[in-house]
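Comments concern the structure below.
The values are calculated or read from the model by the stated rules, or taken from the named source; none is laboratory data. The model shown is predicted, which means the values in this text are computed figures rather than measured ones. Virtual Cβ from ideal backbone geometry, glycine too; neighbours counted across all protein chains shown.
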Amino acid sequence: MLDPFFIKQLKTPLRNVAMKLDAVGIKANHITFFGFVMGMLAVPSLSQEYYGLAVIFIIINRLMDGLDGAVARVQGPTDLGGYLDITLDFIFYSAVIFGFALANPADNALAASFVIFSFMGTGSSFLAFAIMAEKRNIKSLDYGGKSLYFIGGLAEGAETIAFLILICLVPAHFALLAYIFGTVCWVTTATRIYAAYRTLK
């Protein structure tokens, strides 16, 4: 829901950094892999309940996720870069939730399962529409020149980042927040399916 706003605000500063990185030969895929490794370090941190450290790794991952796209737009987007970006993002999102299940299986495992289940809805509804949008050459949304067409919803990237940081800041309330966010994800999935039905029928 908030992604278009943040993309617009961050476009210029990210491009400025991207130009500097391109000048020294750093490739977009290098940034993608670095961000993924940093993000995955949140899992052992969460499993040991080092929530502050996990937040740092999450923020680094998300900063790299924005930066790799900016560098790709300077150097020229590639199919491999787009594929790695979306695949590693989904692994990272689910991994963070899995980290909370590891930290406290008795209290968190069911709620974590619900969130990962909800990610299947948001992810599949977005990716399936992206395939159809590419087939039909639908380009009506300006989402910063991303490799895949994004169909909007209540729970997008910005909301997911906020959720991941929030559950690290108040881990005692993980289960409640997980059920709330998972429900929002399912509302997003339903609206995406409806929008896709209206667009593709």
Residue check: is S47 surrounded by fewer than 17 Cβ atoms within 10 Å (Cβ to Cβ), of a type outside the set (A, V, I, L, M) and under 28 Å from T189 (Cα atoms)? no
So L169, is it surrounded by fewer than 15 Cβ atoms within 10 Å (Cβ to Cβ) and either out of contact with any Pro (no Cβ under 7 Å at 6 or more places or on another chain) or of a type in the set (S, T, N, Q) (or both): yes
Name the residues in region 134-169 that are small (G, A, S) and at pLDDT 80 or above, would you? A158, A162
Tell me which residues, restricted to region 172-201, are at pLDDT below 90, out of contact with any helix residue (DSSP H, G or I) (no Cβ under 7 Å at 6 or more places or on another chain) and surrounded by 15 or more Cβ atoms within 10 Å (Cβ to Cβ). T191, A195
Residue list for region 120-134, restricted to those being under 14 Å from the mean Cα position of the chain (by Cα), of a type in the set (A, V, I, L, M, F, W, C) and either buried (at least 20 other Cβ atoms within 10 Å of the Cβ) or not in a helix (DSSP H, G or I) (or both): F126
